[in-house]
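Please read the structure below before turning to the comments.
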Amino acid sequence: MPIYGYARVSTDGQTLDAQRAGLLAAGAEKVFQETASGVKTDRRELARALKVLNAGDTLLVTRLDRLARSTRDLLNILDGVSKAGAGFRSLADAWADTTTPHGRLMLTVLDGLAEFERELIKAHTGEGRARAVARGQHMGRPGALTRHQRDEALQALESGTATQADLARRFNVSQATISRLARSPSTYAFPLRNSG
């Protein structure tokens, strides 16, 4: 079954020669190579390499950092390799070899750890948000009106000295903002700026 290599460097000042030689020596029939930052998700040559993979093929890299910028990125790429029915190997990282049962187990564990990490982050973020709201800290975008503007608009609406359109122009907000304020002044839906 064919082995396809993938080689990447980040800048034009670096060379792909050593990676290419290592991949060819390890049995790669074709090497897809490019100069691109690892943070780019739209790497053209990587996409081409993934597209040619068929069942039983192998994608080969010299090191994991040539393929992915993070654990999540690696797992996403390997998911595409797996869906093609292909295997994956890293020359410098023997544990990252989905062509062996041991390598598949290691990557399954890695996937589980990444999922666990995501859940922890989500839980901690939710707890922090709940604590901030309990302290009265506003979460979200800043309000459209200051407290002073809100009070002034409510007085003008109650006294009939200005229309909603007049107030929207005066405070440079949408008429919908003034309309919401007029409908429920005691439970104004938008957060208010502290000063005005």
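The values are calculated or read from the model by the stated rules, or taken from the named source; none is laboratory data. All values derive from a computational prediction rather than experimental measurement. All Cβ positions, glycine included, derive from the backbone under ideal geometry; neighbour counts span all protein chains shown.
Across the range 106-150, what is the total count of residues that are among the basic types (Lys, Arg) and either assigned by TED's automatic domain parsing to the domain that holds Thr71 or within 26 Å of Ala176 (Cβ to Cβ) (or both)?
3
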Requested in this report: Being closer than 14 Å to Arg66 by Cβ, assigned to a loop (DSSP other than H, G, I, E, B) and of a type outside the set (S, T, N, Q) is the filter here, so list the residues in the range 1-36 that pass it.
Outcome: Leu16, Ala26, Ala28, Ala36
Query raised in the report: Taking the condition without any contact (Cβ under 8 Å) to a residue 12 or more places away in the chain and either in the same structural domain as Arg43 (by TED's automatic domain parsing) or over 22 Å from Val39 (Cβ atoms) (or both), does Gly85 pass?
Result: no
Query - In the range 37-50, the residues that are in contact with a strand residue (DSSP E or B) (Cβ under 8 Å, 6 or more places away or on another chain) and either among the hydroxyl-bearing types (Ser, Thr, Tyr) or surrounded by fewer than 16 Cβ atoms within 10 Å (Cβ to Cβ) (or both) - result: Arg44, Arg48
Query raised in the report: Only one residue in Thr58, Thr62 is of a type in the set (Val, Ile, Thr), touching a Leu at 6+ places or on another chain (Cβ under 8 Å) and surrounded by 14 or more Cβ atoms within 10 Å (Cβ to Cβ). Which one?
Result: Thr62
**Report entry** Subset of the range 19-56 that is free of Cβ contacts under 8 Å to residues at least 24 places away in the same chain and of a type in the set (Gly, Ala, Ser) - its residue that is nearest to Asp97 (Cα to Cα)
**Finding:** Ala25
Requested in this report: Could you please give the count of residues in the range 166-182 that are closer than 16 Å to His148 by Cβ and either surrounded by fewer than 14 Cβ atoms within 10 Å (Cβ to Cβ) or among the hydroxyl-bearing types (Ser, Thr, Tyr) (or both)?
Outcome: 2
Query - Yes/no for Leu67 being under 26 Å from the mean Cα position of the chain (by Cα) and not hydroxyl-bearing (Ser, Thr, Tyr) - result: yes
